[in-house]
Amino acid sequence: MESLKIWLPLVLAAVLSLLVPALSLAVVSGYLAAPAVRWLNGRAGLPPFAGALLTELFLIAAAASVILFAVRETIGVIPEIRTAFSALDLRHPVADELVLYADAAIAAAGERLLASSAGLIQTIFSRLFSFFIFLVAFYFALYESSRDRLWFTSLLPKRSREKAKKMFQEGGALFGTFLSVELRLSFLTFLILAAGLTVLGFPAAVGKAFLIALADSLPFLGIGVFLIPMAAYQLAAGNMLLCTAITILYAFVLLTRQIAETHLWASTLQLRPAHAFFIAAASILIFGLPGILLSPVLLFAAARIRRLPAFSGG
């Protein structure tokens, strides 16, 4: 009965958070970005309301810049893809069938899009309204989090509040560590790809490297979504040397990224690199693709277990 009194408010709060994702995302984002507001208040002397507004504007500008750059590079890549395939000789029955199937699928998708244009417009307005609500909620979350990062737990009963604070602090620490590691890995991937694609003579190598590195930061995708079709195209076009070079670049990036990821997690969580690698590898082998997302949780749990007195001598 005592446990029910503690966990029931937490379960109800979690269900409510799922029902209002825009507000939940604003609260979590405010919690994560609160140190920036505190830094502006301590170093620049800005009051909390001004620091919250400046932080929100900076984050929006940064996100918009990344999105616009990605869209611009994607638009620039599309004509190159069309030119490349128009020059490729695909005189094979299977290839012809695939091209016809792709044309039919694209035409059908266009017809469905036109047929549902009214619903699409309604959805766009709904998303814009939700985004506006998020922006306002994000400002208030930043303002409150700059004074008390766990301000939103004040609506819970006292015993549930302490449990929620502990859970949120541990979850925030895990997510912050994960975000820091992923950003550094994405930057390393971008540098290697930019250098490799430049050496191989690809036009706009920096933009292409950015798109591939961006895909690499998304769960279950990775750089193979781009590099494997690129290598396959060069093989079909008869450029065996370039196909081999792209394959080697792909393998080199994978190997370098895996080694760097292992060392980053090991140094951050104070684990041995071998331990970090075997835990992450076991997570993927046991759980499959979801194990990629689960491995940071297992690494964090291993770091916590290792600090217990029974393991302190290891």
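The values are calculated or read from the model by the stated rules, or taken from the named source; none is laboratory data. The model shown is predicted, which means the values in this text are computed figures rather than measured ones. With ideal geometry, Cβ positions are generated from the backbone for all residues, glycine too; neighbour counts draw on all protein chains shown. Only protein heavy atoms, including side chains, enter the accessible area calculation; ligands, DNA and RNA are left aside. Shrake-Rupley method; radii C 1.70, N 1.55, O 1.52, S 1.80 Å.
Translational diffusion coefficient of region 224-299 (Stokes-Einstein, Kirkwood radius from Cα pairs, 4 °C, 1.567 mPa s): 93 µm²/s. Both numbers refer to the Cα atoms of region 190-264; Rg and Dmax are 12.2, 40 Å.
For region 156-294, what % of the accessible area comes from carbon and sulfur atoms, probe 1.4 Å?
On the way: 5800 of 7740 Å².
Here carbon and sulfur together make up 75 percent of the probe-accessible area.
Per-residue surface analysis assigns residue 284 an accessible area of about 80 Å², computed on protein heavy atoms at 1.4 Å probe radius.
Among the chymotrypsin sites (Phe, Trp or Tyr not before Pro) within region 157-241, those in coil by DSSP and having at most 11 neighbouring Cβ atoms inside 10 Å are 220. The Cα trace of region 1-77 gives Rg and Dmax of 18.7, 62 Å, the first to one decimal, the second as a whole number.
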